[in-house]
Amino acid sequence: MKFKKYKGNPILGPNSKNGWESSVVTNPAAWYDEENKEFILIYRAAGHDDRHVVRLGMAKSRDGFNFERCSDEPLFSPPESGHDMGCMEDPRIVKFGEWYFITYASRPFYPGKYWEAKPVCSVPKCPPEFPVALRKNWTSTNLLITRDFKEYIRAGRMTDATVDDRDVIIFPEKINGKFYTLHRPMSWAGPGFGTDHPAIWIAACDDLLEAKKMQLLAKAEFDWECKVGGSSPPLKTKDGWLMLYHAVGPDKYYRTGAMLLDSNDPTKVLCRTPDWLMEPDQEWETKGFYNGVAFPCGNIIKDDTLFVYYGGGDIVCAVATCDVNELLDYLKDNPF
């Protein structure tokens, strides 16, 4: 089984009218607003500046395919100082009651144009006494909370400052009274970690900002996988938690797979797709700032259709769909 890519892709791309999003509009988080019958995308955006400042923008749609930007201004920008002043990347969104919880990856310094041979980089020459996160410009994951996308609570860092951990995703409801989060700590691979490559870890916690006790959830198992990480927030279904993940293969391409986790104990993987569901095969996916990227950050189930919102080539936004019941049946045919 494969996801069906929308013929009108990309659905959003760089906007020359706004300098802050004139180079990149990609990797969108997604939410469906039942009250207003709207699809919401929160996307990663950047302009042509050498520092490659990464901000967040917002767009909405009635049908899930045709989106319009909500403003000519960024939805949210990095602060002028702090551990997340370098960028705001790869958002994911869930909702608890009236509050939207948005996670985003950040760096202490601007990334620069990472696709160039010698990018202009803002990382200063740090002495060895500096924390490793500063010396290596590691990513952390942060939490942003809002009711209305107008006023925000910058809640803080959700990850250990000594670990490069960018793919942190919150489950959209508590399970047995606990929050659950997915992680992808880059350095947790090799002897003693149970995995040869960076993998997907999971944690249960009482407070989203507390130190997490993570356990290994899933590692690379198939020939199209090396490094693996969570993609979009898990979706609760009749058969368990449907979780999309990304895998970087030996060819460096980013592909998408899926898992089914136990409803009451998401540390248990019940089923897993043996083959990828989506890979980069369009020119705007294979030739970009990163060649070979189809990277989901958002997913929505509406009327038995799974909408998968993803970034192509680290430049544009796109959508793919499938019948969610067909996907669940395919997963159940592949117990893990």
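The table below lists the values:
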| read-out | value |
| --- | --- |
| Residues located in the stretch 6-30, provided they are surrounded by fewer than 20 Cβ atoms within 10 Å (Cβ to Cβ) and either assigned to a strand (DSSP E or B) or free of Cβ contacts under 8 Å to residues at least 40 places away in the same chain (or both) | 7, 16, 19, 22 |
| Qualifying strands (runs of 3 or more DSSP E) (wholly inside the stretch 222-317; at least 2 residues being farther than 25 Å from residue 188 by Cα) | 235-237, 294-302, 305-312 |
| Hits in the stretch 47-93 - residues which are in contact with a helix residue (DSSP H, G or I) (Cβ under 7 Å, 6 or more places away or on another chain) and not basic (Lys, Arg) | 47, 57, 74 |
| Residues within the stretch 1-29 that are under 19 Å from residue 106 (Cα atoms) and not β-branched (Val, Ile, Thr), tallied | 6 |
| Filtered residues of the stretch 60-105 (kept if of a type in the set (Asp, Glu) and either without any contact (Cβ under 8 Å) to a residue 12 or more places away in the chain or outside any strand (DSSP E or B) (or both)) | 63, 68, 72, 73, 80, 84, 98 |
| Which numbered condition residue 137 misses (of (1) modelled with pLDDT under 95; (2) more than 20 Å from the chain's Cα centre (by Cα)) | (2) |
| From the options 71, 77, residue that is surrounded by 14 or more Cβ atoms within 10 Å (Cβ to Cβ) and at pLDDT 95 or above | 77 |
| Candidates 219, 268, 236, 287, filtered to the one that is in contact (Cβ under 8 Å) with a residue 12 or more places away in the chain and under 24 Å from residue 174 (Cα atoms) | 236 |
| Filter result for residue 326 (surrounded by 20 or more Cβ atoms within 10 Å (Cβ to Cβ) and not in a strand (DSSP E or B)) | no |
| When residues of the stretch 86-108 are limited to those that are under 23 Å from residue 136 (Cβ atoms) and hydroxyl-bearing (Ser, Thr, Tyr), the one surrounded by the most Cβ atoms within 10 Å (Cβ to Cβ) | 104 |
| Unmet requirement for residue 152, which otherwise passes all of (1) surrounded by 15 or more Cβ atoms within 10 Å (Cβ to Cβ); (2) under 15 Å from residue 86 (Cβ atoms); (3) under 21 Å from the mean Cα position of the chain (by Cα) | (2) |
| Yes/no for residue 189 being within 25 Å of residue 94 (Cα to Cα) and touching a strand residue (DSSP E or B) at 6+ places or on another chain (Cβ under 9 Å) | no |
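Yes/no per residue for (1) touching a Gly at 6+ places or on another chain (Cβ under 7 Å); (2) at pLDDT 95 or above; (3) buried (at least 24 other Cβ atoms within 10 Å of the Cβ):
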site: 173; (1), (2), (3): no, yes, no
site: 176; (1), (2), (3): no, yes, no
site: 185; (1), (2), (3): no, yes, no
site: 203; (1), (2), (3): no, yes, no
site: 215; (1), (2), (3): no, yes, no
site: 224; (1), (2), (3): yes, yes, no
site: 232; (1), (2), (3): yes, yes, yes
site: 237; (1), (2), (3): no, yes, no
site: 244; (1), (2), (3): no, yes, yes
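The values are calculated or read from the model by the stated rules, or taken from the named source; none is laboratory data. Keep in mind that what you see is a predicted model, and the values were worked out from it rather than measured. Cβ atoms come from the backbone with ideal geometry, glycine included; neighbour counts cover every protein chain shown.
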